[in-house]
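All remarks here apply to the structure that follows.
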Amino acid sequence: MSVGKISCAVRALIFLSGQIVSAVLISPIALLCLALPSLLRARIIALWARFNIWTLKHVCGITHQIRGAENIPRRPAVLLANHQSAWETLCFQLIFPPQSYILKWQLLWIPFFGWGLAANRPVAINRAKKMRALEQLFKQGVARLQEGRWLVIFPEGTRMSPGRPGKFQAGGALLAVRSGAPVVPVAHNAGRFWSKNSFLKRPGVIQVRIGRVIDSAGKNPREINAQAERWIKQTLRELEG
């Protein structure tokens, strides 16, 4: 193994250790915050993400640059983004207003980490039962938007490698139409520096692009989904080019 890779591995190990220790510390704090208003609780729990993004910068040399921040609306929205890494689940908490994520309900049972997730009001679904999962998405998703939270959805359903985007599912667009919430498309290239299932992390600057708001009023979910998919994939081609 080269010196560069050894150094990269050591840095990644330090970062992972910080993630684990900070998760153990923040979990009981998150549980103690259950009595607080939902949005205030989200801001407190986001301190964990802020710490990890800070250590990612100073330990692994990964930073990010945002363009299109002026497109972020003032009211709660459905955020549709490509999924390449674990990075976006952390940094989106700092870029956008308090939010909830769509996740597998089994994650909530993970000691410490799952408890913190549960305290942050996710939309937990059972993917093995598709019809039931859609019911949970619509019911819980609308409730979170009414609380003032954003809803983050990765239409690809799983993390994809750079240059190989997946097909977009229309669940997020359908939720936007049902709730009347606007859609905000987001594209990024985090997978170039923190790829899926990879322990190592490459130093560099992650590019984040925030697209113009897509109004869901009077639109067909497929139309909204197709519009978001076109913009995200075109932006990814530009970032990867």
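Can you confirm whether Ile66 is among the β-branched types (Val, Ile, Thr) and either modelled with pLDDT under 95 or part of a helix (DSSP H, G or I) (or both)? No; evaluated as a whole, the condition is false for this residue.
Taking Arg74 and the conditions (1) in a helix (DSSP H, G or I); (2) modelled with pLDDT of 90 or more, which numbered condition does it fall short on, given that it satisfies the others? Exception for Arg74: condition (1).
If I ask for residues that are within 13 Å of Leu80 (Cβ to Cβ), part of a loop (DSSP other than H, G, I, E, B) and within 15 Å of the chain's Cα centre (by Cα), which ones from region 135-166 would you list? Those that are within 13 Å of Leu80 (Cβ to Cβ), part of a loop (DSSP other than H, G, I, E, B) and within 15 Å of the chain's Cα centre (by Cα): Phe154, Pro155, Glu156, Gly157.
Of all the listed residues (Ala176, Ala170, Ala187), the sole one being of a type in the set (A, V, I, L, M), buried (at least 22 other Cβ atoms within 10 Å of the Cβ) and within 18 Å of Lys233 (Cα to Cα) is Ala187. In region 118-134, the count of residues that are in contact (Cβ under 8 Å) with a residue 60 or more places away in the chain, under 26 Å from Gly191 (Cα atoms) and surrounded by 21 or more Cβ atoms within 10 Å (Cβ to Cβ) is one or more. Among the residues making up region 44-80, a single one is aliphatic (A, V, I, L, M) and surrounded by fewer than 14 Cβ atoms within 10 Å (Cβ to Cβ): Ala69.
The values are calculated or read from the model by the stated rules, or taken from the named source; none is laboratory data. Every value quoted in this text rests on a predicted model; they were computed, and no experiment measured them. Heads up, the Cβs are rebuilt from the backbone with ideal geometry, glycines too, and the neighbour counts pull from every protein chain shown.
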